[in-house]
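Enquirer: I'd like to ask you about the structure that follows.
The values are calculated or read from the model by the stated rules, or taken from the named source; none is laboratory data. What you see is a predicted model; the values in this text were computed from it and never measured. Cβ: placed from backbone, ideal geometry, glycine included. Neighbour counts: every protein chain shown.
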2 protein chains.
Amino acid sequence: MARMSGWEHGFAAVDWGSTARRAYVLDADGRTIAEIEDEVGTLTIAKDRFAGEVKALRAQMGAMPMLLAGMVGSNRGWMEAPYVPCPASLPDIAAHLLWAEPKQTAIVPGVSLIEGNRGDVMRGEEVQVFGAHVLRPMEGRTLICHPGTHTKWIEMDGGTIVGFRTIMTGELFALLRKHSILADMLAGPVEPDAAFLRGVARGYGSGEMAAELFSIRAGLLLGIAPPAEAPAFASGLLIGCDLHTGLAAALPNEEILVLGRGSLTRLYAAAIRQCGFRTRDLDGATAFVAGMRAIAETIA
Amino acid sequence: MARMSGWEHGFAAVDWGSTARRAYVLDADGRTIAEIEDEVGTLTIAKDRFAGEVKALRAQMGAMPMLLAGMVGSNRGWMEAPYVPCPASLPDIAAHLLWAEPKQTAIVPGVSLIEGNRGDVMRGEEVQVFGAHVLRPMEGRTLICHPGTHTKWIEMDGGTIVGFRTIMTGELFALLRKHSILADMLAGPVEPDAAFLRGVARGYGSGEMAAELFSIRAGLLLGIAPPAEAPAFASGLLIGCDLHTGLAAALPNEEILVLGRGSLTRLYAAAIRQCGFRTRDLDGATAFVAGMRAIAETIA
């Protein structure tokens, strides 16, 4: 058991979301020596089964301390790690770890924002954001785009999250593809091609998603739009509307850090550039590991 | 059979949508003497079964001519009645009826719009619009709001449809209530109360639906919004975004004709008034019957 609490000998960093789980085994030097990815998301686990799931995961990964982040710390997860309010830096969240199992297993808190009567929350993205700062320290203001089911636009001041906004773009696109009157038309693949960029321009210009969507169906019915272009155009339209909000406060030609999974960051980066900004991409998993390593260092 | 083709002796007017069907039996004086409402929408009927359905309906309603409108005339309905392009008046659509059964059964065409590379279509609403004009002739410009699964904003010049725009508000609200991460929070009833009007103000101000929606979840998680208000606030938010587009070209204090089902028109009318415009409501079924009667008069 002595080794179990020895964070300096390595630990497991787990990105535990609603629908998926990615676990990284880090050695004493902070190198990733093993990875496990599965679909054991928090939504698939009853509250009283989490301890067992963690035990099973530890059996797979070796007897080592674990640091968990993401929805596992939400009210629908294992235990609720209360949000740290903005402005929030890495030391702030490291100071508020929730110890689910003494010395062995900690949960990273999310970050919250209350601005007038508008609230916002994040869980998991903050680790990637702080990891990005570890990998390449940010100076002054930096605007980060973290695309996903719920895209986050995050405003940094140095290494501190000073504000952010969540846009339900990915979830809305999935709902439209699966359940809407447009479902049949949106089934194909999406590439950052000309049709996608036309959608981006349309959405970025007006921001009026619900009003633009029906024109996809009408355009096909009237024969003025090619059916094969509908999925990319629709994706571009939603991402363009996302940018309409997310980039509202960006300066012309500002560099936006696009952080997350490559399949999404390449679409967002193409869209952001088309709207007149520069982009820098960073892989979310790389940033996550860097962030968890930096948090663990405050424990060891 | 002589009576079958005698439109002047009365006829049946059928509003045949995707999910519901409303049939009105009109006597020689144009009075509604019977109504049938059921859920035999066009989506529930295979293409080769429509003739049988019409026969069954005629058996219920008495052997009389039938005038059909709505999705029954779409490519997913019985037979496709090609759209009449804007500008379109009642005589224009009456001149393009599709005779599904010679002299006995006609389908009213929809209306289409092509404006630059944006297209739009309607089927069924045009009958209500022309009926509204029959009941109280419009002079000069009139802006009509027809709320529904796909809300239509229709610009009239006298009795002619000169432009329109479809906004998928009702469908998006249904998707969010049924399938989204907000589903649990949006289950309650919606009234045009203070929470609804707060949502309207938020949506009308920004038009940024996808960006505002997540704040409902965050507000509940952070305890800054009462759970009971979430359904009305969300409905107001979506309707407010709808108005952001639909009222963009309206003049201050302009009177908007709100046409459709009372359960929806009262929400939209309250929202439109809060945004600084006047409203006049008209029941969609009343307008539909008036429009079908006027179209039938061109046949008889």
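Enquirer: Identify the single condition in (1) farther than 17 Å from B:T286 by Cβ; (2) modelled with pLDDT under 95; (3) over 25 Å from the mean Cα position of the chain (by Cα) that B:D29 does not satisfy, given that it satisfies every other one.
Expert: Unmet for B:D29, out of (1) farther than 17 Å from B:T286 by Cβ; (2) modelled with pLDDT under 95; (3) over 25 Å from the mean Cα position of the chain (by Cα): (1).
Enquirer: Pairs, please: C-beta under 6 Å, at least 6 apart or cross-chain, first residue aromatic (F, W, Y) and in the range B:204-217, second in a helix (DSSP H, G or I) and modelled with pLDDT of 95 or more?
Expert: Pairs found: B:Y204/B:G240; B:Y204/B:L243; B:Y204/B:H244.
Enquirer: Looking only at residues in the range B:118-128 that are touching a strand residue (DSSP E or B) at 6+ places or on another chain (Cβ under 8 Å), within 11 Å of another protein chain (Cβ to nearest Cβ) and not in a loop (DSSP other than H, G, I, E, B), which one is nearest to B:A287 (Cα to Cα)?
Expert: Here the residue is B:M122.
Enquirer: Taking the condition of being in contact with a Ser or Thr (Cβ under 9 Å, 6 or more places away or on another chain) and within 14 Å of chain B (Cβ to nearest Cβ), how many residues in the range A:90-116 meet it?
Expert: 1
Enquirer: Then there is this: Can you name every residue in the range B:198-210 that is surrounded by 20 or more Cβ atoms within 10 Å (Cβ to Cβ) and more than 11 Å from chain A (Cβ to nearest Cβ)?
Expert: Across the range B:198-210, the qualifying residues are B:G199, B:V200, B:Y204.
Enquirer: While we're on this one: What number goes with the only condition from (1) facing chain B (nearest Cβ under 10 Å); (2) surrounded by 23 or more Cβ atoms within 10 Å (Cβ to Cβ) that A:G236 does not pass?
Expert: (1)
Enquirer: Given the residues A:I107, A:I114, which is the only one that is more than 19 Å from the chain's Cα centre (by Cα) and of a type outside the set (D, E)?
Expert: Sole residue among the options that is more than 19 Å from the chain's Cα centre (by Cα) and of a type outside the set (D, E): A:I114.
Enquirer: Can you find even one residue in the range B:253-262 that is out of contact with any Asp or Glu (no Cβ under 9 Å at 6 or more places or on another chain) and either assigned to a helix (DSSP H, G or I) or buried (at least 24 other Cβ atoms within 10 Å of the Cβ) (or both)?
Expert: The answer is yes, given that some residue of the range B:253-262 is out of contact with any Asp or Glu (no Cβ under 9 Å at 6 or more places or on another chain) and either assigned to a helix (DSSP H, G or I) or buried (at least 24 other Cβ atoms within 10 Å of the Cβ) (or both).
Enquirer: Considering only residues that are farther than 25 Å from A:P147 by Cβ and touching a strand residue (DSSP E or B) at 6+ places or on another chain (Cβ under 8 Å), which ones fall in the range B:190-244?
Expert: Passing the criteria: B:I224, B:A225, B:D242.
Enquirer: Every residue in the range B:58-82 that is farther than 17 Å from B:M122 by Cα, at pLDDT 95 or above and among the aliphatic types (A, V, I, L, M), please.
Expert: B:M66, B:L67
Enquirer: Determine whether B:P137 is surrounded by fewer than 18 Cβ atoms within 10 Å (Cβ to Cβ), away from every other protein chain (no Cβ under 14 Å) and not in a strand (DSSP E or B).
Expert: In short, yes.
Enquirer: Right, next: Out of the range A:30-57, which residues are surrounded by 15 or more Cβ atoms within 10 Å (Cβ to Cβ) and closer than 26 Å to A:Y83 by Cα?
Expert: Of everything in the range A:30-57, those that are surrounded by 15 or more Cβ atoms within 10 Å (Cβ to Cβ) and closer than 26 Å to A:Y83 by Cα turn out to be A:V40, A:G41, A:T42, A:I45, A:F50, A:E53, A:V54, A:L57.
Enquirer: When the residues of the range A:173-197 are filtered to those that are assigned to a loop (DSSP other than H, G, I, E, B) and either touching a Leu at 6+ places or on another chain (Cβ under 9 Å) or within 9 Å of chain B (Cβ to nearest Cβ) (or both), which remaining residue is surrounded by the fewest Cβ atoms within 10 Å (Cβ to Cβ)?
Expert: A:E191
Enquirer: Quick check on the range B:140-163: of everything there that is crowded, with 24+ Cβ neighbours inside 10 Å and in contact with an Asp or Glu (Cβ under 6 Å, 6 or more places away or on another chain), which residue is farthest from the other protein chains (Cβ to nearest Cβ)?
Expert: B:H146
Enquirer: Considering (1) more than 7 Å from chain B (Cβ to nearest Cβ); (2) under 16 Å from B:A211 (Cα atoms); (3) within 22 Å of the chain's Cα centre (by Cα), say which one A:T245 fails and leave the rest.
Expert: A:T245 satisfies every listed condition except (1).
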